[in-house]
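Structure, as structure tokens:
The values are calculated or read from the model by the stated rules, or taken from the named source; none is laboratory data. Keep in mind that this is a model prediction, so the values were computed, not measured. Cβ placement follows ideal geometry from the backbone for every residue including glycine, while neighbour counts extend to all protein chains displayed.
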Amino acid sequence: MTLNLTVSPDFAPDHISGWFIFNTWLQRQLGTGVHLELYDCFDTQRKDIKSGKFDLVYANPFDASMLVRELGFKALVRPISKPDETIIATHKDAAIQSVEDLKPGATLVTTDDPDVNRIGMIMLEPADLDASNTETLAVDSYVIVAKNVLNQDADVGFFLKDAYDELSDLIKNQMKILVSSEISVVHHTLLLSPKLQKYASTIQQRLIKMMDDEKGRSVLESMNLLGWEAMTEEETEFMIDLIDTLIDE
Amino acid sequence: MPEHDVKDVRDVRDTVINYHDGTSRKAIVLDREVPYPEGKLIVSRTDTQGVITHANQAFVEMSGYTEDELIGANHYILRHPDMPSVAFAGLWETIEAGNKWHGYVKNLRKDGAYYWVKATVIPNIRNGVVVGYTSVRRKPSRSKVSESEALYKTLS
């Protein structure tokens, strides 16, 4: 048996090798093949997940909602102390001092990261801005988001806080943060497909104990994670309910 | 008398707030708005009767109650007397039918001040059964607050 693993494309490029090292670690722990497939596009990955291509998915919170409610996946673990937070930043010399200074017609530069974009748009609501009265430039990575903000090709950029924090000081010093979310309870999760639930307990236990030995810790470090903690079914449902409230219908 | 009451004494109203379950309480109401904290979401959960079962830190800070005071209390302790009861009737009708509710709400803090939120409430459905509700509040725009204030005055 080979487990097919994929990872939400929103981690920093520096950690790609970390996920491959994790893949090897997981193979040894489980005594079975694990095949890792990475994507640079959320939509393409989502289509492949929906087609049943993957058994194990490290998903962003919005995709976790789809995986649990539509596809019957179960969350096993979440990364310790790593909530998904969003930053809206502008050029340091921009006249804008707060989100409320933005006017209809404002230009946004974003990736196609669904949770960052959703929370970013929520943080623009106090300025009466939404998709109908803003212009969005979608780019491939947070580095390109930053480049567009520095070139003042857009009024503001949306960043995953982790990705923003990993930008160089040279780049960060040329931007100012207008607002940074403090939601705390929305985070990535590692989910297992319904057809492999008999392995759920083994995989969960190995991951929770991963930070207990030096080898495990070094693998975690290469992924920029501190460790994993168990996710109960109710905790998963709670997060999904919360995300549901953030989607305006 | 708490310090803020002395400062805002001209704006103090002693009000009796009547709730739909027949209970009531006397509350101090101040004409003082506390700004919504940037970037935060206020999150709470209740059982099907509206009794609070979970409150996040932002809720504790903005409501002015301790977590212990919030857990086990009915969510209506946040209800500001300026809010028309018809708004909450609409909320309950919507969520009891299994649907999501959005609205702008003026909440009453423990100290009598108030804060405006954009609220969303959804039913928590487990195995096809509604077991409670999750309410998430976020920062509203001032234009929506003004519109809501004007509307609620006509409904009170």
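Answer yes or no: is there a residue in the range A:158-169 that is more than 17 Å from the chain's Cα centre (by Cα) and more than 30 Å from B:Ala119 (Cα to Cα).
Yes.
With the structure loaded, tell me whether A:Thr245 is over 22 Å from A:Asp10 (Cα atoms) and without any contact (Cβ under 8 Å) to a residue 12 or more places away in the chain or whether it fails that test.
So A:Thr245 fits the description; yes.
Consider A:Arg118 against the criteria (1) within 14 Å of chain B (Cβ to nearest Cβ); (2) closer than 24 Å to A:Met66 by Cβ; (3) out of contact with any helix residue (DSSP H, G or I) (no Cβ under 8 Å at 6 or more places or on another chain); (4) not aromatic (Phe, Trp, Tyr): it satisfies all of them except one. Which criterion is unmet?
(3)
If the requirement is being touching a helix residue (DSSP H, G or I) at 6+ places or on another chain (Cβ under 9 Å), surrounded by fewer than 19 Cβ atoms within 10 Å (Cβ to Cβ) and either modelled with pLDDT of 95 or more or assigned to a loop (DSSP other than H, G, I, E, B) (or both), which of these qualifies: B:Lys106, B:Lys144?
Being touching a helix residue (DSSP H, G or I) at 6+ places or on another chain (Cβ under 9 Å), surrounded by fewer than 19 Cβ atoms within 10 Å (Cβ to Cβ) and either modelled with pLDDT of 95 or more or assigned to a loop (DSSP other than H, G, I, E, B) (or both) holds for just one of B:Lys106, B:Lys144, which is B:Lys144.
Specify which of the listed residues (A:Thr90, A:Thr24) is at pLDDT 95 or above, crowded, with 16+ Cβ neighbours inside 10 Å and among the hydroxyl-bearing types (Ser, Thr, Tyr).
A:Thr90 is the lone residue from the list that is at pLDDT 95 or above, crowded, with 16+ Cβ neighbours inside 10 Å and among the hydroxyl-bearing types (Ser, Thr, Tyr).
If you go through the range A:147-162 one residue at a time, do you hit one that is exposed (fewer than 15 other Cβ atoms within 10 Å of the Cβ) and part of a strand (DSSP E or B)?
no
Kindly indicate the residue of the range A:121-135 that is in contact (Cβ under 8 Å) with a residue 24 or more places away in the chain and polar (S, T, N, Q) and also nearest to the other protein chains (Cβ to nearest Cβ) among those meeting that condition.
Out of the qualifying residues, it is A:Asn133.
Which of the numbered conditions does B:Val86 fail, given that it passes all the others? Conditions: (1) in contact with a helix residue (DSSP H, G or I) (Cβ under 9 Å, 6 or more places away or on another chain); (2) part of a helix (DSSP H, G or I); (3) surrounded by 15 or more Cβ atoms within 10 Å (Cβ to Cβ).
Unmet condition: (3).
Considering every residue within the range A:100-108, establish whether at least one is buried (at least 16 other Cβ atoms within 10 Å of the Cβ), within 13 Å of chain B (Cβ to nearest Cβ), of a type outside the set (Lys, Arg) and part of a loop (DSSP other than H, G, I, E, B).
The answer is yes; a qualifying residue exists.
Looking at the range A:55-70, can you tell me whether even one residue there is in a strand (DSSP E or B) and either free of Cβ contacts under 8 Å to residues at least 60 places away in the same chain or surrounded by fewer than 16 Cβ atoms within 10 Å (Cβ to Cβ) (or both)?
no
Answer yes or no as to whether B:Trp116 is within 12 Å of the chain's Cα centre (by Cα) and within 12 Å of chain A (Cβ to nearest Cβ).
The answer is yes for B:Trp116.
Check off (1) closer than 14 Å to B:Val136 by Cα; (2) more than 14 Å from every other protein chain (Cβ to nearest Cβ) for B:Trp101 and give me the number that stays unchecked.
(2)
Would you mind finding the one in A:Leu226, A:Leu207, A:Leu190 that is within 21 Å of the chain's Cα centre (by Cα), assigned to a loop (DSSP other than H, G, I, E, B), in the same structural domain as A:Asn23 (by TED's automatic domain parsing) and over 24 Å from A:Gly120 (Cβ atoms)?
Matching residue, one of A:Leu226, A:Leu207, A:Leu190: A:Leu226.
Which members of the range B:127-139 meet the condition of being facing chain A (nearest Cβ under 7 Å) and either outside any strand (DSSP E or B) or of a type in the set (D, E, K, R) (or both)?
B:Arg138, B:Lys139, listed by residue number.
Output the residues belonging to the range B:61-83 that are buried (at least 18 other Cβ atoms within 10 Å of the Cβ), among the aliphatic types (A, V, I, L, M) and free of Cβ contacts under 8 Å to residues at least 60 places away in the same chain.
Within the range B:61-83, B:Met62, B:Leu70, B:Ile77, B:Leu78 meet the criteria.
Within the range A:163-181, can one find any residue that is of a type in the set (Val, Ile, Thr), in contact with a helix residue (DSSP H, G or I) (Cβ under 7 Å, 6 or more places away or on another chain), within 14 Å of another protein chain (Cβ to nearest Cβ) and not in a helix (DSSP H, G or I)?
yes
Would you check if B:Val121 is facing another protein chain (nearest Cβ under 10 Å) and not in a helix (DSSP H, G or I)?
In short, yes.
Of (1) over 26 Å from A:Leu129 (Cα atoms); (2) loosely packed, with under 15 Cβ neighbours inside 10 Å; (3) without any contact (Cβ under 8 Å) to a residue 40 or more places away in the chain, A:Pro13 satisfies all except one. Which?
(3)
Go through the range A:166-178 and count every residue that is surrounded by fewer than 21 Cβ atoms within 10 Å (Cβ to Cβ) and within 26 Å of B:Val43 (Cα to Cα).
Summing the residues that are surrounded by fewer than 21 Cβ atoms within 10 Å (Cβ to Cβ) and within 26 Å of B:Val43 (Cα to Cα) in the range A:166-178 gives 1.
Of all residues in the range A:203-242, which are without any contact (Cβ under 8 Å) to a residue 40 or more places away in the chain, within 14 Å of chain B (Cβ to nearest Cβ) and either surrounded by fewer than 15 Cβ atoms within 10 Å (Cβ to Cβ) or more than 20 Å from A:Leu191 (Cβ to Cβ) (or both)?
The answer is A:Thr232, A:Glu234.
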